[in-house]
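Following: one structure in structure tokens, then a few remarks.
The values are calculated or read from the model by the stated rules, or taken from the named source; none is laboratory data. This structure is a prediction, so every number in the text was calculated from the model and none was measured. Every residue, glycine among them, receives a Cβ derived from its backbone with ideal geometry; neighbour counts consider all protein chains shown.
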Amino acid sequence: MKRKVNTAFGTKGSFIDWYNVTSAFRISNQTSRYFNLSTNFAIYNQYEKNGTPVVMTTPVGHYRACAVVGNSGILRDGGCGDDIDRNDFVIRVNDAPLKTFEQDVGEKTNMTIINSRVLDKMDRVDFDPQWIISRNNSIMSYILGNHRNLKLPALNTMIRKLDLNITMTYSVTPPRPHVKTFWNENFNSKLSDGVTTAGLNTYTLASTFCDVITLYGFYPYQTDVHNKTVYYHYFDETPMEMTVNRSIHDFFHQHELLKSLHDSGALKLVTDECK
């Protein structure tokens with residue numbers, strides 16, 4: 001039996017003793033100097049065809065408790081869905097399905113961070129827009145690549161055709177090149193030449209508008225602490241080693257960074273059951 005883990009909430013919704021306000025605020029104070037909501041989450045409709053932003057406004061506010069949900073198989077059978085949904089603001093990464101996995105990953109979505117791989121899937125004949133429909137009444141943000149990606153208009157058009165209440169945002173200045181610099185310069189993280197992951201990018205930006213952040217589904221190892229096999233995704237059985245060991249991302253060093261922030265109380269990194 002896996003041990004229970006603490007999340008950001010106590011029995012009445014209050015923060016429990018893992019949270020270190022000094023550690024968390026140190027990060028948010030620093031990230032706010034590198035990143036900006038109005039440029040990293042600018043509303044896509046305010047974007048001219050010539051590539052010039054018209055007005056840089058953002059739908060993103062400031063939130064007390066946020067969940068950043070990755071897609072690692074560590075979430076499978078963890079029962080973290082209710083804990084995730086209790087956060088004020090839930091951020092998900094890419095097009096991972098929610099249906100049939102609600103007990104483990106929850107249903108609530110306030111923002112989804114997408115990358116070019118997700119946009120490329122729209123060209124496939126078997127493309128299923130169900131994941132987009134599942135993100136209705138939320139924000140969809142393209143921050144990890146060139147904001148002039150030609151597929152962004154197609155996604156925006158699809159959202160309108162499906163009559164969905166989704167606000168698309170883009171990043172005027174893609175933050176990825178600055179994320180590694182931020183952690184190396186300010187926290188001596190010594191991240192290698194690997195490309196920063198969507199998870200680390202998302203957490204870094206979330207620290208600019210969230211007070212208390214809990215991370216779920218960020219785990220790059222083949223087995224958990226109970227020696228149970230962990231797949232790359234919670235929704236399929238892709239072997240962890242086949243993907244992580246061939247990836248452009250430096251998963252292990254970046255996970256160690258998140259673990260050190262967990263140890264300092266700046267965030268909560270959930271890697272066990274929530275039941």
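Restricting attention to the stretch 168-191, the residues that are assigned to a loop (DSSP other than H, G, I, E, B) and touching a residue at least 12 places away in the same chain (Cβ under 8 Å) total 8. Remark: pairs (first residue in the stretch 111-130, without any contact (Cβ under 8 Å) to a residue 60 or more places away in the chain; second residue surrounded by fewer than 15 Cβ atoms within 10 Å (Cβ to Cβ) and part of a strand (DSSP E or B); Cβ separation under 7 Å; 6+ apart in sequence or on different chains) are absent.
Only residues that are at pLDDT 90 or above and surrounded by fewer than 18 Cβ atoms within 10 Å (Cβ to Cβ) were counted across the stretch 232-255, and they come to 0.
Please list, ordered by residue number, the helices (runs of 4 or more DSSP H) wholly in the stretch 73-167 having 2 or more residues that are closer than 30 Å to residue 226 by Cβ. Before you say what the answer is, go through the steps one by one.
On the way: elements: 81-85, 102-105, 116-120, 130-133, 152-161.
The helices (runs of 4 or more DSSP H) meeting that bar are 81-85, 102-105.
I'd like to verify a number: residues in the stretch 102-120 that are within 23 Å of residue 76 (Cβ to Cβ), modelled with pLDDT under 90 and buried (at least 17 other Cβ atoms within 10 Å of the Cβ), how many? Residues meeting the conditions: 2.
Got at least one residue in the stretch 80-99 being in contact with a Leu (Cβ under 8 Å, 6 or more places away or on another chain), at pLDDT 95 or above and of a type in the set (A, V, I, L, M)? The answer is no; no qualifying residue exists.
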